[in-house]
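> Can you read through this structure? Questions will come right after.
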Amino acid sequence: MKKELPEIDEHNFPIIFKHLAYFIKDEVLKTGINKVVLGLSGGIDSAVACYLASAALGKDNVAALLMPYKSSSEASLKDALKVVDELGINYYTVDITKQIDDYFLAEKNDTSLGDINVRMGNKMARERMSVLYDYSYRLKSLVLGTSNKSELLLGYGTIYGDMASALNPIGDIYKTQIYRLAKHLRVPESIIKKPPSADLWAEQSDEAELGFSYELADGIMYLLIDKMYKPKVIVSLGYDENLVNKIYRKIKKSQYKRRMPLIAKISERTINIDFRYLRDWS
């Protein structure tokens, strides 16, 4: 039986592009600010977000931060600079090596404190977001998010790290869709073709770490989330039962990453429970 996959194709792309550009422009300008700043890693997600922001706000209103660690890929840095050159946007380079190494110096050989690669990866993601928010104040800009729908659903990101932002134009776009969108935006081929990686340590690979491909995961998540199929129905369509259940568990377990912090209700009107006015109280 044919497996359904999410698609952004030639026919509906102009509408989607127009919607995303309008979303960025409208949401940024209504705050009284007209600029955004984002972390540009050299990966496809941040490149797509950068291209969308430039189209929406103009190149003079978009700034990119390149925040390498000493083990970061030189190729990724070059790809990030390609995006900067193609779009003609301002950029800043902030090396985060010292603050990361200084933090972990005393315990670098202590294996009893958890997986050092994961801890360092999480620390790098939060360090970069801390720098981004400082620059957002410095540049009078909003922080633009770069996490796609696949990562957000799987919890494949760091809470208050790369998952943080003021607004996110690509958070409802699956990873497989991001590739198609990137081609339409004419993102450099070297970025589109390379294997997805958070570049948190040498030879790190998203799909190797997850244990499955984005293509398979997106097909399952599309049916689980967009079509609201139950796992057993998806299995009946020909998908592997273990994989379906694994992805379903990941979505459930990572729900806390997709929510604002829970607040214990004491008063009559509680933030995020029954105090939910629109941000723009017009």
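> In the Gaussian network model of the chain, springs joining C-alpha atoms below 10 Å, which of Val83, Val131, Val118 carries the largest mean-square fluctuation?
Result: Val118 has the largest fluctuation of those listed.
> Also, quick follow-up: With the alpha-carbon atoms as the only input, what is the per residue convex hull volume for segment 94-185 in Å³?
Expressed per residue, the convex hull around the Cα atoms of segment 94-185 is 129 Å³.
> Would you mind counting up the charge near Asp85? Only other residues with Cβ under 14 Å from its Cβ, with Lys and Arg at +1 and Asp and Glu at -1.
Net charge in that neighbourhood comes out at +2.
> Right, something else. Okay, helix-only estimate at 222 nm for the chain: each DSSP H run of n ≥ 4 adds -39500 (n - 2.57), divide by all residues, round to 500 deg cm²/dmol; what do you get?
Dividing the helical sum by the residues of the chain leaves -14000 deg cm²/dmol.
> GluC sites (Glu not before Pro) within segment 163-212: which are DSSP loop residues with at most 10 other Cβ atoms inside 10 Å?
Passing both the DSSP loop test and the Cβ count: Glu203.
> Between segment 81-157 and segment 208-282, how many Å separate their Cα centres?
A separation of 24 Å, based on Cα centres.
> Please list, by residue number, every one of the trypsin sites (Lys or Arg not before Pro) in segment 109-203 that is coil in DSSP and has at most 10 other beta-carbon atoms within 10 Å.
Arg186
> Give me, ordered by chain and number, the residues 5 or more places off Ser72 or on other chains with an amide H under 5 Å from its own placed amide H.
When sequence neighbours closer than 5 places are left aside, there are no close amide H contacts.
> Right, here's the next one. Distance in nm between label sites at Tyr103 and Tyr22, each 7 Å beyond Cα in the beta-carbon direction?
4.0 nm
> In Å and on Cα atoms, what radius of gyration and Dmax does segment 156-282 show?
Radius of gyration, then largest Cα-Cα span, for segment 156-282: 18.3, 55 Å.
> Connecting C-alpha atoms closer than 10 Å in a GNM of the chain, tell me which of Asp110, Asp162, Asp45 has the biggest fluctuation.
Asp110
> Same structure, new question: Give me the one-decimal nm value for the distance between modelled label points at Glu207 and Thr270, 7 Å along each residue's Cα-to-Cβ direction.
Taking the two extended label points, one gets 4.4 nm.
> In the neighborhood of Asn34, defined by Cβ-to-Cβ distances under 15 Å, what is the net charge if each Lys or Arg adds +1 and each Asp or Glu adds -1?
Here the charged neighbours net out to +2.
> May I pose another question? What percent does the relative contact order of the chain come to when contacts are Cα pairs within less than 8 Å and at least six residues apart?
Answer for the chain is 21 percent.
FYI, it's all coordinate maths here, none of it is from the lab. Because the structure is a prediction, the values reported are computed rather than measured. Because the Cβ atoms are built from the backbone with ideal geometry, glycine has one as well, and the counts that use them run over all protein chains shown.
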